[in-house]
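Report on the structure given below.
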Amino acid sequence: MHRPTVPGWPRITSRPAGRGHRMAAPAMGRMWPNRTTTSVGLVVVRTGDIGPQRARSDPGPRGHPGSGPVSGDAEDASAQSRTDETNDGGCMPRDEMTIDVALERLVVLDEQDEVDQELLPDLDDEFLRRLYRTMLLSRRFDERRLKLQRQGRIGTFAPAIGQEAAQLGAISAIDDDDWFVPSYRDTTAAIWRGTPLWGLLLYDAGHNEGAEPPEGQKDLPIAVPVGSQIPHATGLGFAARYRDTGEVVLTMFGDGATSEGDFHEAVNFASVHETPVVFFCQNNQYAISTPVELQTGSHTIVQKAVAYGVPGIQVDGNDVLGVHVAAREAVERARAGQGPTLIEAVTYRQSVHTTADDPSTYRDEEEEQEWMERDPIDRLARFLRDREILDDDRRQQLEDEVGEEVQAAWQEGEQRMQELTDPLEIFEHVYAERPAYLEEQREAFRRDHEAAQQNSTGKGDDG
Amino acid sequence: MAEMTMIQALNLALHQEMGNDESVLVLGEDVAQSGGVFRVTDGLKDAYGGQRVIDTPLAESAIAATSIGMAINGLKPVCEMQFSGFSYYAMHQLENHAARMRWRSRGRYHVPMVARMPYGAGVKALEHHSESKEAWFASIPGLKMVVPSGPRVARGLLVSAIRDPDPVVFFEPKASYRAFKEDVPDDEETVALGTSRVVREGEDVTIIAYGAMLRRALQAAESLAEDGIEAEVIDVMTISPLDDAPFTESVRRTGRAVIVHEAQRSFGPAGEIAFRILERSFWWLEAPIRRVTGYDVQVPFFAREQAYLPDADRIERAARSALSEE
């Protein structure tokens, strides 16, 4: 079984972007040219004149009546069909309507280590080293967590292994004052935002305390129901625009989430109301065992942007620099009041869906191996070495550092867990004020709990 | 003080709260330009503009979920589900996120939103427009579930719901929307959430009702009074958090209780109300607790909806039955 690594675009022809930039001839095995604009000539065949373009009674949230991706050709088509009215309405005309849209694909640092100098973002060495260190830390943290889970010290979790570049390229494009609305696999992004590893471990070990975002960090807690967090981003963005806070919202989700109604509702709502949101899809090829081909009949995720009337761009998700460029543009657009963007980062879930999953039942090693060769961390490491930003000695030093950091995080987490033993905690934070009946239940629980403890220590036997 | 219908009273509450607080927004299907299918939001767009009174895409989950996002980011959205029968698309967002965000984030975020929805039978509507599923919402920790019975309390409860720091599902009995008028004060008035109230005093039997059923309970009480039986009638107003003090105290005096709701009988709110009475007032009971409810069938199409609904006769018979026990 061999599946194409990237969903193809068989019905769509592409041409280089009109930016004076010329792509190199595709090398063997290259996934795609560096930056291309794909013109999608959607041809809609319709019968009859479906009536004049309806003028909106007010400019609406988008501020321009009759706005949307339908080009002037539609009017031409209308006009043309009106010329057929001489047919006395007996013969319905059948004509074409062109919807003029552009979608982009982007890679800066490709899997052959070729770099597009024109697209290369201007990032200083320290920032690049920080990107590398964060990816490495996230990888080693996940590897450690897999061991901890097998030892029974933490529960089920979803590793980010293989997706570090996708997450990091996007999260590094927003500011501290912006909002981050994550899925349950966005560990690399959480680390970049400042979530301590021990906090993530508390969550993994089943402590509610691990879900509380660190003070001042405008992140929502992770959402477990797939895709359900996406429309929260639309609402946060709506409020940001209404209150004129200048905030942008970045939300992350996977390919499976795009099949959920909430994805559709969120992007559609955001498009209509031009909310400052970046919808960032990590297409990691699988939703548990279901490959993306069984997830959607669309050849790509990004082409769904066309239907919503929002800009869409597909990026090589294992190219942290490319993702960063795409995300930064989307963030700038959102911040400038130009509404949402859909980004599809094509990547691969190298590890399990969660620790309860066995990928060998639905995909073969050959495929896994191919993607290992595209590993995002190795790719950035080679780039940094070639540019003399990170030599092998320094790289080894970083390995040692993150190893110690992961170890220290577990020790810290373990120590905190030992302090989090008060079961009365379950009654906290249900409402702003605890209702009388709940206070009563809490009190009853407290009495039962104390009685049970007395029994277990033998004190109860005296009476 | 002006006489108004529940529609007008709810509209007054929205007008006043939007006037008081810029962070209050109204959103939903057809709420802005047309003022809502029942006209509860009539005139709000003219007064406060399209940025604050928003016609949304037809998407109940997004209406609830964007409200959650807005609420986390400093706004107080009042969203409308056009009919409660369509709110099930939004149930997932209300249960999984609105109700849990305070708890999940351990108080970092809270969701001060209101989800208004017309509910209940009695207006000759199509299928899915007549259900009474308050028990679903009331069973969710973190949500509040409010059902007003008349114009004056509807106004006071809605103001309180908008100001509440937690998410509130606000059921509006559409059978009572225009059925009668009450005096509603011009000045601000609130009715605290989580309180029930005695609306008619009596010493013989306690009738507990809410929403559109309260009027029928009161009609039954008047009829009983003609025979010298004085029923105490309690309006629950907030289904969750349930304030059981007034009715459990009342039952200690009357020894008899009749619970009325139009929701289906099994696993309906009467079960919880009855159990509170058992827990707190068991030794004062003189007779088994009665309930008068919808039957455990789908709400029929409207030609037969009155057969399904509790009416004053059924309530009166249940009360007499409770009184005949010794």
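Throughout, read-outs are computed from the coordinates displayed, never taken from laboratory work. As the structure is a prediction and not an experimental result, all values here were calculated from the model. Virtual Cβ from ideal backbone geometry, glycine too; neighbours counted across all protein chains shown.
Numbers for the structure displayed
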read-out	value
Check: segment B:2-184 dipole with +1 on Lys, Arg Cβ and -1 on Asp, Glu Cβ, in debye	500 debye
Low-density loop cleavage sites - trypsin sites (Lys or Arg not before Pro) in segment B:245-326, where at most 13 other Cβ are within 10 Å (DSSP)	none
Order of B:THR41, A:THR354 - criterion: other Cβ atoms within 10 Å of each residue's Cβ, fewest first	A:THR354, B:THR41
Considering only segment B:2-184, percent of DSSP beta bridges that pair antiparallel, nearest 5	15 percent
Rh by Kirkwood over Cα pairs, then Stokes-Einstein D for segment B:1-137 at 1.306 mPa s and 10 °C, µm²/s	103 µm²/s
Rounded to 5, the percent of DSSP beta bridges in chain B classed as antiparallel	20 percent
222 nm mean residue ellipticity, helices alone, for the protein assembly as shown (DSSP H n ≥ 4; -39,500 (n - 2.57); rounded to 500)	-11500 deg cm²/dmol
Cα shape, the protein assembly as shown, gyration tensor, a/c 1.5 rule	oblate
Residue among B:ILE273, A:LEU200, A:LEU250 farthest towards the positive dipole end of the protein assembly as shown, charges placed on Cβ	B:ILE273
Footprinting exposure proxy for A:HIS429, A:HIS449 (fewest neighbouring C-beta atoms within 10 Å first)	A:HIS449, A:HIS429
Taking A:ASP178, A:ASP319, B:ASP55, A:ASP262 and counting other C-beta atoms within 10 Å, the order from fewest to most	B:ASP55, A:ASP178, A:ASP262, A:ASP319
Cross-link partners of A:LYS218 among lysines (Cα-Cα below 23 Å; sequence separation of 8 or more within a chain)	B:LYS76
Cleavage-rule hits (GluC sites (Glu not before Pro)) in segment B:1-73: DSSP loop, at most 13 neighbouring Cβ within 10 angstrom	B:GLU22
Net +/- balance of residues flanking B:GLY142 in space, Cβ distance below 14 Å, scoring K and R +1, D and E -1	+1
Over 30 Å (Cα to Cα) - which of A:LYS304/B:LYS144; A:LYS304/B:LYS124; B:LYS144/B:LYS174; B:LYS45/B:LYS181; A:LYS147/A:LYS304; B:LYS124/B:LYS181 fall in this group	A:LYS304/B:LYS144; A:LYS304/B:LYS124; A:LYS147/A:LYS304
DSSP bridge orientation in segment B:197-324 - percent antiparallel, rounded to nearest 5	20 percent
Spatial separation of Cα centroids for segment A:315-341 and segment B:9-64, in angstrom	34 Å
Net charge over other residues, Cβ less than 11 angstrom from the Cβ of A:ALA166 (K, R count +1; D, E count -1)	-3
Positive dipole terminus of segment A:89-208, leading residue within A:LEU103, A:PHE127, A:PHE141 (C-beta point charges)	A:PHE141
Dipole of the protein assembly as shown, positive end: most advanced residue of B:PRO141, B:ALA90, B:ILE7 [Cβ charges, Cα centre]	B:ILE7
Check: the protein assembly as shown dipole with +1 on Lys, Arg Cβ and -1 on Asp, Glu Cβ, in debye	960 debye
Lys, Arg +1 and Asp, Glu -1 on Cβ, resulting dipole of segment A:105-418 about Cα centre, debye, nearest 20	920 debye
